[in-house]
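Read through the structure below, which is laid out as structure tokens, and then see the notes.
What follows draws every value from the coordinates through simple rules; no lab data is involved. None of these values were measured; they are calculated from a predicted model. Cβ placement follows ideal geometry from the backbone for every residue including glycine, while neighbour counts extend to all protein chains displayed.
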């Protein structure tokens, strides 16, 4: 799909929609096998644009990131969001190594 730019159609999957948002702790379970909540870098590399073009997001949509889900007690790696605030989860294909 050239309309999605550099992102191939199977790379993204919608985990939680605008109509049924999920919390950072629930988002990883919505992605399914071989997918994970997208990292900020993955979203910045075409995920944001593709999600917008697919109608999953708009300018006011809160998008959860892998960093939010891996640090829920602080509201994400950046600490910008409330820890329990809901949002849209966009899932990216690939398995992340979970380092403790």
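Summary table
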quantity: Additional length obtainable on full extension of the chain from residue 54 to residue 13, 0.36 nm per residue less Cα span; calculated: 13.7 nm
quantity: Long-range Cα-Cα pairs in the stretch 14-54 (distance over 12 Å), rounded percent; calculated: 63 percent
quantity: Sorted by Cβ neighbour density within 10 Å, fewest at the top, the residues 43, 54, 64; calculated: 54, 43, 64
